[in-house]
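Asker: Take this structure, written in structure tokens, and hold onto it; I'll ask about it next.
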Amino acid sequence: MIDFRIARPGAAIVASAALAMGLLAGCGTENSDSPAAAPAPRTITAEPYKLDSSPESALTFFRNTNVFEGTVVSVLPDVRVTDLLDSGQKFEAVYTPVVIRVDSVYRGDLRPGSEVTIRSMGGEADGLRYVIHNAPAKETFRPSAKLVVFGAEIDTVDSEQAPAMTPNFVYRLAGTRFVDATYADGPANGKAPGEVAMADMRTKLQKMPKVPTRG
């Protein structure tokens, strides 16, 4: 099910309560073009709110099921997905599948050397344009980029053919520091993106509990 930031157990696309990239079903706006402009895609605009994505919050967020460091291998064409909510409402979204090689695992059952697909929310596919600003910028996921991903469960929604993960928070390696890349337009409250020295971040990650805690 696509719960977009207020999720129940088993939710996949965003699978976290009120997180960065998602959308509470019904909180977006949809614009349809006139019949004369039928070839143009339908547009859905997601309007989520942001969580604190500081290093301290990212490291302690209780819905981080999988936390790992990895390298972007490839970026696949955008895909359109649909999900039927418990209310009976059909939910639609578009995301870019990003394949990441797992380099180090700090929480979860992934294995170094394996590959995992994450959902980079937003994009255009099959006649639908899905616009969302409170998500990592697409350039965050350029091939060879080094990332720390704080992610939800690996799961599928109704229309997906293969499982994927939606990140809760993303930190990008820039030189010798990991920089908050969770939101394309910057963290909540207009703050500058948080950053941590590479060695310090890895030390903090290694000290994380192996299973999520609620503090």
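The values are calculated or read from the model by the stated rules, or taken from the named source; none is laboratory data. Because the structure is a prediction, the values reported are computed rather than measured. Heads up, the Cβs are rebuilt from the backbone with ideal geometry, glycines too, and the neighbour counts pull from every protein chain shown. Surface accessibility is based on the protein's heavy atoms, side chains included, excluding ligands, DNA and RNA. Shrake-Rupley method; radii C 1.70, N 1.55, O 1.52, S 1.80 Å.
Asker: Based on what the data block shows, is Ala38 crowded, with 17+ Cβ neighbours inside 10 Å and modelled with pLDDT under 95?
Answerer: Answer is no for this residue.
Asker: Please verify whether Phe68 is at pLDDT 95 or above and open to solvent by less than 50 Å² (accessible area, probe 1.4 Å), treating the condition exactly as stated.
Answerer: In short, yes.
Asker: Scan segment 101-125 residue by residue and report those that are farther than 22 Å from Thr82 by Cβ and assigned to a strand (DSSP E or B).
Answerer: Arg101, Val102, Asp103, Ser104, Val105, Tyr106, Arg107, Glu115, Val116
Asker: Another one. On the basis of being modelled with pLDDT of 95 or more and not charged (D, E, K, R), does Ser114 make the cut?
Answerer: In short, yes.
Asker: Hey, another quick one. Which residue, of Gly186, Gly175, is closer than 23 Å to Val94 by Cα and free of Cβ contacts under 8 Å to residues at least 24 places away in the same chain?
Answerer: Exactly one residue qualifies, and that residue is Gly186.
Asker: Collect the residues in segment 82-109 that are over 17 Å from the mean Cα position of the chain (by Cα) and of a type in the set (A, V, I, L, M), keeping them in residue-number order.
Answerer: If the condition is that a residue be over 17 Å from the mean Cα position of the chain (by Cα) and of a type in the set (A, V, I, L, M), then Leu84, Leu85, Val105 are the ones that fit.
Asker: Still on this structure, please answer the following. So which strands (runs of 3 or more DSSP E) stay within segment 126-215 end to end and still have 2 or more residues that are open to solvent by less than 20 Å² (accessible area, probe 1.4 Å) and either of a type in the set (Gly, Ala, Ser) or closer than 28 Å to Leu85 by Cβ (or both)? Before you say what the answer is, go through the steps one by one.
Answerer: Values: elements: 128-132, 146-155, 164-174, 177-180, 195-197.
In segment 126-215, 128-132, 146-155, 164-174 are the strands (runs of 3 or more DSSP E) which contain 2 or more residues that are open to solvent by less than 20 Å² (accessible area, probe 1.4 Å) and either of a type in the set (Gly, Ala, Ser) or closer than 28 Å to Leu85 by Cβ (or both).
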